Amino acid sequence: MAKDRLRTHDMKLIKISEDKAEYSVSGGQNDQTFSFYVLFVKDTNGIWQIRFF
């Protein structure tokens with residue numbers, strides 16, 4: 001694996017509703033740890049899409 005590639009360590013559900021799911025994703029790159037907020041939203045066809053990362 002390339003040293004500069006982001007490695008995902010953990011994905012935790014924060015909150016979920018009928019049409020929205022919020023997650024916290026942590027990972028590491030070059031010996032540093034990062035945390036990201038990810039928001040999934042269900043569209044009018046019922047398909048989950050990433051709205052924010």
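Read the figures in this text as sums done on the coordinates, not as results from a lab. Predicted model, so just to flag it, every value in this text is computed and none were measured. Methodologically, a virtual Cβ is constructed for each residue, glycine included, from the backbone with ideal geometry; neighbour enumeration extends over all protein chains shown.
Overview of results
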{"item": "Derived scalar couplings ³J(HN,Hα) [segment 38-50; Karplus, 6.51 cos²θ - 1.76 cosθ + 1.60; whole Hz; x for Gly, Pro]", "result": "10, 10, 9, 10, 7, 7, 5, 8, x, 9, 6, 10, 6"}
{"item": "Charge sum, other residues only, whose C-beta stays under 13 Å from residue 19's C-beta, Lys/Arg counted +1 and Asp/Glu -1", "result": "+1"}
{"item": "In sequence order, calculated HN-Hα J values of segment 25-32 (Karplus, 6.51, -1.76, 1.60; Hz; x Gly/Pro)", "result": "10, 10, x, x, 7, 6, 6, 10"}
{"item": "Total charge dipole magnitude, segment 7-52, about the Cα centre, Cβ charges on Lys, Arg, Asp, Glu only, Debye to nearest 20", "result": "20"}
{"item": "Global size of segment 7-52 as Cα Rg and Dmax, reported in angstrom", "result": "12.5, 41"}
